[in-house]
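Asker: The structure follows.
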Amino acid sequence: MSQAMSRRELNKIRTRAAILDAARIGFARDGVHGTTMEGIAAAAEVSRATLFNYFTGKGEILDLLVTEMQERFYSRISSYWSATGDVAERIRRAFVETGAAMEREAVKLRPVVGYSEMGWNETGVLGRIERLTAAFERLLDTEVEPTPAQAHDRHVVAEMMTGIFVGMVHNWRLDENYPLQERLGEAACWIAAMLRHRA
C-alpha cells in the first residue's frame, strides 16, 4: 500500500499545477512573447523566487506543456490501435478526434503548437517526426504479416500521413477559422480510399 503524501508534497503539486494553469492562461491571452515570468507568478499567486524554484524560465514551462500535449496525443493513438482492427476506422479516429480535441482547446493549444514548431527546419526535429510516423504506421498494422514490399508501402503511407497531419495543424495554428477537424476528416477519407484501391 502506497504511503500517503505529506502536506508539503501536496502543496508542491498544487503550486506546480497553479503555475502551469497560470502559464496556459497567460500564453493564450497574451501570447508567448507577451507573457512574463512575473505575470505568471502573480497569476499563480506565488512569489517570483518560488516560481523560479519550479521553472528556470518560460522555455522550460513551454517544453513541459509541449510534452504534455504530445503524450496525450500518443495515448489517444495507442487507444485507437487497441480499439479496432479496422485500419480505416483507426485513421479516421486519429485524424478526426484529434482535430476535435484541438479545436475544443484552441485558445490554450495554439501558443503551445506554435512553440513546438520552432526549430522545424533543424535536424534535431527528426526524432519527433520519426515518432509521429511510427505511431501512424502502427495504425496501418493488420493481422497479416506484411511482405517487405508491403512494409515499405506502409511506411510511405505513414510518412504521407505525417506530412498531411503536420501541414493541416500548421494551417490551423495560423488561421483561427481553419476547419481542422473537417479537413483532417476529409484527409482520412482519402487515405482510406487510397488503401482500399491498393489492396
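Every number here is computed from the coordinates shown, using simple stated rules; none is lab data. All values derive from a computational prediction rather than experimental measurement. Cβ placement follows ideal geometry from the backbone for every residue including glycine, while neighbour counts extend to all protein chains displayed.
Asker: Tell me what the chain gives for mean residue ellipticity at 222 nm when only DSSP H runs of n ≥ 4 count, each as -39,500 (n - 2.57), the sum divided by the residue total, rounded to 500 deg cm²/dmol.
Answerer: Computed mean residue ellipticity for the chain: -27000 deg cm²/dmol.
Asker: Counting Lys +1, Arg +1, Asp -1, Glu -1, what net charge surrounds Tyr80 among other residues with beta carbon under 11 Å of its beta carbon?
Answerer: Within the 11 Å Cβ shell, the charges total +2.
Asker: When Asp175, Asp30 are ordered from fewest to most other Cβ atoms inside 10 Å of their Cβ, what list results?
Answerer: Asp175, Asp30
Asker: Provide the net charge surrounding Phe52, with neighbours chosen by a C-beta distance below 14 Å and charges set as Lys +1, Arg +1, Asp -1, Glu -1.
Answerer: +1
Asker: Based on other C-beta atoms within 10 Å, arrange Met102, Met5 from fewest to most.
Answerer: Listing Met102, Met5 from fewest to most nearby Cβ atoms yields Met5, Met102.
Asker: From the P(r) of the chain, could you give the percentage of C-alpha pairs in the tail past 22 Å?
Answerer: Result: 56 percent of Cα pairs exceed 22 Å.
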